[in-house]
Each structure stands twice: as C-alpha cells, then as structure tokens.
Amino acid sequence: MSGSGDLPMGALLFFEDGSMTLSAADCEEEDKSSLLLVVDFFSYALSRDDWMGHYTEQVRKDHANFLSEKEPKLRVIQGGITGSVAI
C-alpha cells in the first residue's frame with residue numbers, strides 16, 4: 001500500500017450498534033482492496049471469542065508485568081538531615 005502522504009488512506013469507523021464502516025474514498029483500488037482485507041480480518045477477529053479471550057488475557061499479563069517493572073524499589077533509611085533549613 002502506498003499511504004505515504006500526509007493524509008490517512010482511510011478510517012475505520014465504529015458505531016454504537018457494533019457495526020464498522022471503512023471510509024476510504026480517495027485511495028487507489030489496490031489500496032482499497034488491501035484495506036478491505038484488513039477490515040474483514042478485524043471483524044473476524046472480534047467475532048472469535050477464543051481469540052478475544054486469549055488477547056485480553058495477554059493484555060492483562062503484559063499490563064501486570066509493566067506495572068511490576070515500574071514499581072519503585074526504594075527503602076527507607078533511618079535518620080535524616082538535622083537542624084533547620086533556610087529558604
């Protein structure tokens with residue numbers, strides 16, 4: 001797909017009723033065919049409960065790993081600065 005311009009080739013629009021629509025008016029037929037294939041795959045993936053379950057479980061694991069990596073590894077040192085500090 002070309003798609004190297006400043007404007008997007010298309011947009012996948014999601015509606016409250018669960019439907020999706022591809023908006024790709026100003027792209028070449030070859031690009032439009034590729035985009036439609038992606039939309040079809042995306043629709044198929046969303047309809048597969050087993051895929052969605054696997055994906056959401058992976059997201060949970062990744063999120064838990066990310067949070068555990070970002071927790072500070074600090075310890076409190078007894079004592080500290082004595083006296084007053086002028087500001």
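Residues of region 40-63 being under 16 Å from the mean Cα position of the chain (by Cα) and either farther than 24 Å from F14 by Cα or among the basic types (K, R) (or both), which ones?
Within region 40-63, R60, K61, D62, H63 meet the criteria.
Out of A24, A11, A45, report the one residue that is in contact with a Phe, Trp or Tyr (Cβ under 6 Å, 6 or more places away or on another chain) and either aromatic (F, W, Y) or at pLDDT 75 or above (or both).
A45
Report, by residue number, each residue of region 1-50 that is assigned to a helix (DSSP H, G or I) and among the small types (G, A, S).
Once the filter is applied, which keeps residues that are assigned to a helix (DSSP H, G or I) and among the small types (G, A, S), region 1-50 yields S33, S34, S43, A45, S47.
The values are calculated or read from the model by the stated rules, or taken from the named source; none is laboratory data. Source: prediction; values computed, not measured. Using ideal geometry, Cβ is built from the backbone for each residue, glycine included, and neighbour counts are taken over all protein chains shown.
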